[in-house]
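Each remark here refers to the structure printed beneath this line.
The values are calculated or read from the model by the stated rules, or taken from the named source; none is laboratory data. Here the structure is a predicted model, which is why all the values come from computation and not from measurement. Heads up, the Cβs are rebuilt from the backbone with ideal geometry, glycines too, and the neighbour counts pull from every protein chain shown. To get the accessible areas, we keep the full protein, side chains included, count just its heavy atoms, and leave off ligands, DNA and RNA. Shrake-Rupley method; radii C 1.70, N 1.55, O 1.52, S 1.80 Å.
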Amino acid sequence: MKILAIETSCDETAVALLEISGALETPEVKVLGNTLLSQAQLHEEFGGVYPNLAKREHIKNLPPLLAETLKQAGETPEQPNVDLIAVTTGPGLEPALWTGITFAEKLGKDWGKPVVAVNHMEGHIWSVLYNQETNSTLTLPALALLVSGGHTELVMVNDFGHYEIIGRTLDDAVGEAFDKVARMLGLTYPGGPKISKLAEEARAKGTTPNFTLPRPMIHSHDLNFSYSGLKTAVLYKLKAQESLTEEFKSEVALEFENAAVEVLVKKAEQALEAHSEVKTFIVAGGVSANRYLKRSFENLLEKFPEVSLRFPSPELSTDNAIMIGLAAYVRTQAFPEVLNRAENLIAKGNLSLDSSKV
Ligand code: KG4
Ligand code: ZN
């Protein structure tokens, strides 16, 4: 099945053409074309993503990205060899989501092909189906920890297309906390990778911070998270400091990363203990690119030898269109009727995974 996938939920415009076949546990995925334009630099000046700016950029970027994707795949723009078009309809910034939807609907009409709605978070989960290193079977049920700029969720994947959120952040997402702390340290958006770099350098030097930051909700007897208190604790720490030396910034980055990851690991451990039926543990979303986080989960999984660990390849951790194509494949295999039904596509900023069932 050839899928043209479009992603415009936040500050990345992305288009990909995939050819996918086979069982969902071991799909064969060929990326025929793949393009992405990040607006991060543009949003950097504002310290965050502005919906109307994102919208304007997506509208400008989509046509050239489509042309380039089709060119990479050796397809003609008038009538390419495509079976369906997949587009993210939420969650995300609604003005940004609409640009992708409108674009996809126009292509669907012009080419006479169905358009399938994809939940962005479902895309993050299935980003792990494209991982050149691990060619192994993905066995369900799975537990997925989704860590991105907008979400921190523990999701039970009981079957393909069936999701149950068993834990979530009560306030900020972990990626958001990385970005906000980075900003306080004078680092540019998106701050996650920059904090991570500082923290890794400090760790390599054997630095030990001479203060501790809170591990919010680590002892709560549920699977929820909270990251706003941790961010505020950093703010107070910085305010109390006379001058922000490079050394102090590194200590903050290190202790912040330690605290943020420790809570994720603890909650994942609790979830795995509570759900002994889980066969695969998936960690996905932008923050899953964090190397310390990855090592920490590799350590955790030593306690659960019967569970296999799946991460996306680093370029598929952050937003991209390949994962949207993969999630569309999952949807069409789990619910074939989506191909024969004209879907009324609506952008939903707060679309939940629980409601993505047909
Ligand atoms: O999944 P994503 O690309 O977009 C959303 O759906 O939100 O995630 C972006 C988030 C940003 O908050 C960014 O700072 C964070 O992922 N991020 C990281 C790293 N790389 C990206 N956070 C920590 N360490 C990283 N290496
Ligand atoms: Zn994302």
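Computed values, structure above
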read-out: Among LEU339, ALA202, ALA73 - extreme Cα towards positive end, dipole of the chain, charges at beta-carbon; value: ALA202
read-out: Electrostatic dipole magnitude of the chain [Cβ: Lys, Arg +1; Asp, Glu -1; Cα centre; debye, to 20]; value: 340 debye
read-out: Chain lengthening between GLU164 and ASN131 when straightened (0.36 nm per residue, less Cα-Cα); value: 9.5 nm
read-out: Pairwise label distance in nanometres, ARG291 with LEU244, each label 7 Å out on the Cα-Cβ vector; value: 2.4 nm
read-out: P(r) tail fraction, the chain - alpha-carbon pairs more than 40 Å apart, %; value: 13 percent
read-out: 0 to 90° range, to nearest 10: angle between helix 94-111 axis and the chain longest Cα axis; value: 20 degrees
read-out: Neighbourhood charge, 10 Å Cβ-Cβ cut-off, centred on GLY325 and excluding it, Lys, Arg +1 and Asp, Glu -1; value: -1
read-out: GluC sites (Glu not before Pro) restricted to the range 1-52 and DSSP loop, no more than 16 other C-beta within 10 Å; value: GLU25, GLU45
read-out: Förster radius 51 Å - calculated FRET efficiency between ALA204 and ALA334 (Cβ-Cβ, nearest 0.05); value: 0.70
read-out: Entries of LYS71/LYS106; LYS30/LYS180; LYS197/LYS303; LYS194/LYS266; LYS106/LYS231; LYS197/LYS266 with Cα pairs more than 31 Å apart; value: LYS30/LYS180; LYS106/LYS231
read-out: Spatial separation of Cα centroids for the range 207-224 and the range 306-348, in angstrom; value: 33 Å
read-out: Principal axes of the range 59-136: Cα extent on each, largest first, Å; value: 37, 32, 23
read-out: Cα-derived Rg to Rh of the range 200-325, Kirkwood definition; value: 1.01
read-out: For the chain, built as a Gaussian network whose Cα springs stay under 10 Å, the top-fluctuating residue of THR212, THR13, THR88; value: THR212
read-out: Exposure ranking of MET1, MET156 by accessible area [1.4 Å probe, largest first]; value: MET1, MET156
read-out: Degrees between helix 291-301 axis and first principal axis of the chain (Cα, 0 to 90, nearest 10); value: 90 degrees
read-out: Extension gain (nm, one decimal) between HIS219 and ASN299, 0.36 nm per residue minus Cα-Cα; value: 26.8 nm
read-out: Neighbourhood net charge (12 Å Cβ-Cβ; Lys/Arg +1, Asp/Glu -1) for THR13; value: -3
read-out: Size of charge dipole - the range 244-358 - debye, nearest 20, with Cβ of Lys, Arg +1 and Asp, Glu -1, no other charges; value: 480 debye
read-out: Gyration tensor (alpha-carbon) shape descriptor, the range 226-267, a/c threshold 1.5; value: oblate
read-out: Qualifying GluC sites (Glu not before Pro) for the range 250-337 [loop in DSSP, other Cβ within 10 Å: at most 11]; value: GLU277, GLU302, GLU306
read-out: Loop-located GluC sites (Glu not before Pro) in the range 59-139 whose Cβ has at most 11 other Cβ within 10 Å (DSSP); value: GLU78, GLU133
read-out: Nearest 10 degrees, 0 to 90: helix 228-239 Cα axis against the chain principal axis; value: 50 degrees
read-out: Among beta bridges that DSSP assigns inside the chain, antiparallel share in %, nearest 5; value: 60 percent
read-out: Sum of -39500 (n - 2.57) over DSSP H runs of 4+, divided by residues of the chain (222 nm, nearest 500); value: -13000 deg cm²/dmol
read-out: Additional length obtainable on full extension of the chain from LEU140 to GLU45, 0.36 nm per residue less Cα span; value: 29.9 nm
read-out: Globularity ratio of the range 25-64, using Cα Rg and 2.2 N^0.38 Å; value: 1.65
read-out: Calculated FRET efficiency for the pair ASN52/SER21, C-beta based, R₀ 35 Å, to 0.05; value: 0.30
read-out: Estimated vicinal HN-Hα couplings, Hz - the range 34-39 in sequence order (Karplus 6.51, -1.76, 1.60; Gly, Pro = x); value: 7, 9, 7, 10, 9, 9
read-out: DSSP loop chymotrypsin sites (Phe, Trp or Tyr not before Pro) with at most 16 other Cβ within 10 Å: longest gap in the chain; value: 47-210
